[in-house]
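J.: Before we start, here is the structure in question, set down as structure tokens.
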Amino acid sequence: MNVFNALTFPRHYLSDMLIDLSLPWALGPMPLAATAAATYGIFRYSFRRDGLKAEALVSALGLLAFIAAFTVHLWRPAVDHVKVLLVAQIVCAGALIFFGWLSWSVQKQVRKTAAVTAGKREIIRGVLAGLAFPVILDVLFYLWPVTSGYCGELYGAYSRAKCLGQEDLFGLHDLPIEIYFGVLLGAFGLSASICGVFVLCRTIFETRPDPVTPTAEDRAGD
């Protein structure tokens with residue numbers, strides 16, 4: 001039994017010793033290749049300790065998306081697919097924020113940062129833009145849920161063949177591939193929104209000492 005057999009069959013078929021590598025898989029070659037590249041990126045930036053990099057965050061996000069999708073494939077919860085998607089996005093967003101904080105705090109050299117000030121209006125726009133990713137994506141998945149027999153329901157030989165070709169590359173039109181893309185796009189926007197809200201709250205409630213105006217007595221003493 002190899003990993004391709006696990007990717008092809010759900011959990012209750014894992015006891016079967018037959019190895020079937022025929023496409024489509026639950027998670028196709030494209031997600032597997034992207035996950036391999038993400039794993040390489042994680043190890044590369046972990047060993048180099050260059051701090052918080054956009055490439056490291058993208059690698060972490062790709063690896064988290066595959067882990068969530070593969071977990072759902074092996075253990076499919078008996079709840080609505082939207083609830084599974086929301087839980088996966090929230091958990092992976094928290095993991096992504098933790099990885100970003102860890103990458104920011106652990107470095108090979110002393111970090112030199114420049115203070116970047118952003119207005120409240122810009123932060124609010126960033127929060128709303130980040131929330132747009134998971135909201136729009138989840139609504140689309142709610143209105144058009146993916147099903148494993150989607151390609152067979154299409155009319156026309158060309159449309160059916162095109163759909164089957166996409167399944168051979170990306171995976172079956174089923175819950176695992178929905179979780180994969182839902183986390184890949186949704187967790188990014190959700191984590192960006194959470195960080196934006198944190199920065200906004202810190203900007204609002206941060207206490208700054210008021211400048212002391214010298215009085216007449218102070219000027220006279222000088």
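The values are calculated or read from the model by the stated rules, or taken from the named source; none is laboratory data. What you see is a predicted model; the values in this text were computed from it and never measured. Methodologically, a virtual Cβ is constructed for each residue, glycine included, from the backbone with ideal geometry; neighbour enumeration extends over all protein chains shown. With ligands, DNA and RNA removed, areas are computed over all heavy atoms of the protein, side chains included. Shrake-Rupley method; radii C 1.70, N 1.55, O 1.52, S 1.80 Å.
J.: Could you compute the FRET efficiency for Glu122 and Asp80, with r as their C-beta to C-beta distance and R0 at 45 Å, rounded to 0.05?
T.: The calculated FRET efficiency here is 0.80.
J.: Rounded to the nearest 10 Å², what accessible area does Arg202 show when all protein chains are kept and the probe is 1.4 Å?
T.: Approximately 130 Å² of Arg202 is accessible to the 1.4 Å probe.
J.: Next question, about the same structure. For the stretch 25-77, state which chymotrypsin sites (Phe, Trp or Tyr not before Pro) are in a DSSP loop and have at most 15 other beta carbons lying within 10 Å of their beta carbon.
T.: Trp75
J.: Would you kindly derive the ³J(HN,Hα) couplings of the stretch 80-90 from the backbone phi angles with the Karplus curve 6.51 cos²θ - 1.76 cosθ + 1.60 (θ = phi - 60°), listing them in order in whole Hz, with x for Gly and Pro?
T.: 5, 5, 5, 5, 4, 5, 5, 5, 4, 5, 5
J.: Also, quick follow-up: I'd like the accessible area for His173, computed on protein heavy atoms only with a 1.4 Å probe and all protein chains in place. Round to 10 Å², please.
T.: Surface accessible to solvent at His173 totals approximately 40 Å².
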